[in-house]
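Below you'll find the structure, written out as structure tokens, and then a few comments.
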Amino acid sequence: MTRVIGVVSGKGGVGKTTFSINIGIALRKLGKKVVVVDCNVSTPHLAYYLGAENYSVTLNDVFRDEVDVRFSPTEAGGVMFIPSSEDLNDILNIDIASLRSHITKLCDGEIFDFIILDSAPGLGLEAISVLQACDEIIFVTKPIIPTLIDVTRCAELASRIGHKNFHVTLNMIRNKKYELKALQAKGLFRTRILGGIPFDETVMDSTALGIPIMWYRPESKVSESYMKIAAKLAGINYKKPSALEKIANKLKGQDKVDFSGFS
């Protein structure tokens, strides 16, 4: 059964798109079939973060019924994704509210184990369409009070729509005194905390280069955090590869990524 997961946030700048891409890569490394969909049609960034320039079909084409969603996924570095158009003209004459019907069709045949919907920030029409289209929600937030308040609002709206599976991921953790810990967040929201991702300036470097951190620094603490969260999502016991296993994987080509499109 295909799991449709909406990745949402109360505000921009909390690392939601970065999370969507890297969790997709991490799930792929665990052997899962994944497609990441850029549902932020007003300000799309997914393709840029993946370093992908060559694609002919976008979610906007799907919304206009010009292309069947099942034929819309494209590939970058081994990751399947559906981009949104960066052309302002393509925002016109699209029905964002139809996202749910298209995602339901994408689930047909169970080609993918996971469909990751990268939402627009906030709780506007684009975000609501993601909440309606997904079965599970991952709310990405910084571990500070102003952004954590948004979790409650999103959870309330999600419950009204009928969602039961609501998870929280704490991102950009700096271990400051004013930050909430995972146990505090769990008690506050009474929901599952998938995990925490440490702050690392290297993530900003990788974003600027259009190379996801899971490819740019696969052995970093950030990448390890993504692997742990992906394993928890997939119900797999994650074990950090030993030095010998890492060498074996490189020899097998499992960690090889073509960076020719990123230069």
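The values are calculated or read from the model by the stated rules, or taken from the named source; none is laboratory data. If you're wondering where the values come from, they're calculated on a predicted model, not measured in any experiment. Here the Cβ positions follow ideal geometry from the backbone for every residue, glycine too, while neighbour counts run over all protein chains shown.
Scoring Tyr55 on the criteria (1) free of Cβ contacts under 8 Å to residues at least 60 places away in the same chain; (2) part of a strand (DSSP E or B); (3) in contact with a strand residue (DSSP E or B) (Cβ under 7 Å, 6 or more places away or on another chain) leaves a single failure, condition (2). Being crowded, with 21+ Cβ neighbours inside 10 Å and part of a strand (DSSP E or B) is the filter here; which residues of segment 70-86 pass it? Listed by number, the residues that qualify are Ala76, Val79, Phe81, Ile82. Are any of the residues in segment 126-137 over 21 Å from Asp38 (Cα atoms), part of a helix (DSSP H, G or I) and without any contact (Cβ under 8 Å) to a residue 60 or more places away in the chain? No, every residue in segment 126-137 fails to be over 21 Å from Asp38 (Cα atoms), part of a helix (DSSP H, G or I) and without any contact (Cβ under 8 Å) to a residue 60 or more places away in the chain. Contact annotation: no residue pair with Cβ atoms under 7 Å, 6 or more positions apart or on different chains, pairs a residue in segment 1-24 that is free of Cβ contacts under 8 Å to residues at least 12 places away in the same chain with a partner that is surrounded by fewer than 24 Cβ atoms within 10 Å (Cβ to Cβ) and of a type outside the set (Ser, Thr, Tyr). If you go through segment 25-50 and pick out every residue that is touching a strand residue (DSSP E or B) at 6+ places or on another chain (Cβ under 7 Å) and outside any helix (DSSP H, G or I), you end up with 9.
Looking only at residues in segment 152-204 that are within 17 Å of the chain's Cα centre (by Cα) and of a type in the set (A, V, I, L, M), the one that is farthest from Glu136 (Cα to Cα) is Met204.
Within segment 87-110, one or more residues are part of a helix (DSSP H, G or I), out of contact with any Leu (no Cβ under 9 Å at 6 or more places or on another chain), surrounded by fewer than 20 Cβ atoms within 10 Å (Cβ to Cβ) and at positive phi. The single residue among Ser56, Ser98, Ser42 that is of a type in the set (Ser, Thr, Tyr) and at pLDDT 95 or above turns out to be Ser98. The sole residue among Val130, Val67, Val57 that is of a type in the set (A, V, I, L, M, F, W, C) and either in contact with a Gly (Cβ under 8 Å, 6 or more places away or on another chain) or crowded, with 20+ Cβ neighbours inside 10 Å (or both) is Val130. In segment 158-205, the qualifying residues are those that are part of a helix (DSSP H, G or I) and in contact with a Leu (Cβ under 6 Å, 6 or more places away or on another chain), and the one that is modelled with the highest pLDDT is Ile161.
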